[in-house]
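Quick notes on the structure that follows.
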Amino acid sequence: MKAVSSSVRTAKTPAGCIEYTLERKKVKNINLRVRRDGTVYVSAPSRVPVREIESFIAAKCSYIKQAQEHFRSRTETAAKERRFAQGAAVMHLGRPMELCMVQSAAESVTAEGQRIVIALRDSSDLTRAERLYAKWLDGRCREVFTNLMREIYPQFAAMGVPFPQLKIRAMKARWGSCHYTKGMIVLNRYLIEAPLHCIAHVVAHEFCHFIYPNHSRDFYSLLDRVCPHWRSDKAELERLVVL
Ligand SMILES: [Zn+2]
C-alpha cells in the first residue's frame, strides 16, 4: 500500500481552522489520526472528494482539539521532567537514575548503581555538564540499539536483508523509521529511557519494514512471528516514555 499523493491542507471547522495532511491511499474509508506532535493525518481513497473529507474532520473537531491538548500537556510535563539539574531523576533503560555532577580534573560520565555521575572541572557549569551527558547518552544509545539490532538480525539475514546502518535522532512523533532503499534504520534517542524489551519491539518493527515497506497484514504477521509480545511492549513504551 504505497501513498499515491500527500498534501497539507486546512479545514474550516466549528472549533476553528484545523491543518491536516491528506494522503490518498488504497483504503476503504476515511481514516483520521492525531499524532503525538499534534499534527493531524488523514488518509482517504482517491474517489472521496475533499469536501466530504473536510466535513468528516469538522464532525470530529472537538475530538481533534482535545487530543491535541492532551498531547501538548503531556509533552510539557515530559519536558519539565527531563530538565537537567543536580539531583534530577532521569529514566535510563526503564530505571530512574539520579544525575550527580561532581568536581574533577578529568571529565567523565559513568553510570554507577542508581546514579549517573558527571565529573567535570566546575560541577556548577550545567551547560558543560549537559553537553557531556548528551554525548554519553548518544554513545549509550548507539551501544544498546546496535546490540539489539545484532540480536534480531540473524532472522532477517536468512531473508536476505543486509545489516542496516543505524541513525539516532531525537524525534517528537515516532519511535523509529526504516529507510529500506538506503538500508538504514532511524531510532529515537528517547527510546533509551525505556526498558530493553520495549526498545527491542521497535527494532523488530523497523526490521520487518525491510521485508514489507507498509503496515499490511503480511507485515504484522511477520512482526508477530519475530516479536510475539510486541503489542504489550508497545503499550508499555507509550505509557513510560512521553515524546
Ligand atoms: Zn512501521
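For the reader, a short list of remarks on this structure follows.
- Modelled spin labels at Val102 and Arg115, positioned 7 Å past Cα toward Cβ, are 0.5 nm from each other.
- The order of the peptides 21-29, 174-182 by mean Cβ neighbours within 10 Å, most packed first, is 174-182, 21-29.
- Charge sum, other residues only, whose C-beta stays under 11 Å from Arg35's C-beta, Lys/Arg counted +1 and Asp/Glu -1: +3
- Peptide ranges 134-143, 191-200 listed from the most packed, as the mean C-beta count within 10 angstrom indicates: 191-200, 134-143
- From helices alone, the chain scores -13500 deg cm²/dmol at 222 nm; the rule is -39500 (n - 2.57) for each run of n ≥ 4 DSSP H residues, then divide by the residue total.
- Length added when fully stretched, Ala15-Ser46, from 0.36 nm per residue minus Cα-Cα: 8.5 nm
- Of all accessible heavy-atom area on the chain, the percent that carbon and sulfur account for (1.4 Å): 51
- Under 30 Å from Lys167, Cα to Cα: lysines that are on another chain or at least 8 residues apart: Lys2, Lys25, Lys80, Lys135, Lys182, Lys234
- Summarising the amide proton neighbourhood of Arg115: residues at separation of 5 or more, or on other chains, whose placed amide H is nearer than 5 Å comprise Glu98.
- Heavy-atom accessible surface of Ser108, to the nearest 10 Å², is about 50 Å², with a 1.4 Å probe and all protein chains retained.
- ³J(HN,Hα), Karplus 6.51/-1.76/1.60, whole Hz, each residue of the stretch 101-114, x for Gly, Pro: 9, 10, 6, 6, 5, 9, 7, 6, 10, 9, 9, 10, x, 8
- Hull volume per residue, based on the alpha-carbon atoms of the stretch 5-81 and their convex hull, is 89 Å³.
- Qualifying lysines (Cα of each under 17 Å from Cα of Lys65; at least 8 residues distant if same chain): Lys12
- In this Cβ point-charge picture (+1 for Lys and Arg, -1 for Asp and Glu), the stretch 6-72 has a dipole of about 260 debye about its Cα centre.
- For the stretch 124-242: rounded, prolate or oblate by the Cα gyration tensor [a/c cutoff 1.5]: prolate
- Inter-probe distance in nm under a simple model that places probes 7 Å from Cα toward Cβ, at Thr75 and Glu151: 3.1
- Database remark: amide H of Met184 closer than 5 angstrom to the amide H of Gln165, His179 (H placed geometrically; neighbours at sequence offset of 5 or more, or on other chains; Pro and chain starts carry no H).
- Placing unit charges on the Cβ atoms only, positive for Lys and Arg and negative for Asp and Glu, gives the chain a dipole magnitude near 960 debye about its Cα centre.
- Among 208-214, 78-84, the peptide with the highest mean count of other Cβ atoms within 10 Å heads the list, and the full ranking is 208-214, 78-84.
- Protein heavy-atom accessible surface, 1.4 Å probe, per residue over the chain: 57 Å².
- The alpha carbon radius of gyration of the stretch 89-137, expressed as a multiple of 2.2 N^0.38 Å, is 1.06.
- Here r is the Cβ-Cβ distance between Ala89 and Glu143 and R0 is 30 Å; the resulting FRET efficiency, rounded to 0.05, is 0.85.
- Three-way shape call for the chain based on the alpha-carbon gyration tensor, with the a/c threshold at 1.5: oblate
The values are calculated or read from the model by the stated rules, or taken from the named source; none is laboratory data. Just so it is clear, the structure is predicted and the values come from calculations on it, not from any experiment. Here Cβ is always computed from backbone atoms with ideal geometry, including for glycine, and neighbour counts include all displayed protein chains. Accessible surface is based on the protein model in full, side chains and every heavy atom, while ligands, DNA and RNA are left aside. Shrake-Rupley method; radii C 1.70, N 1.55, O 1.52, S 1.80 Å.
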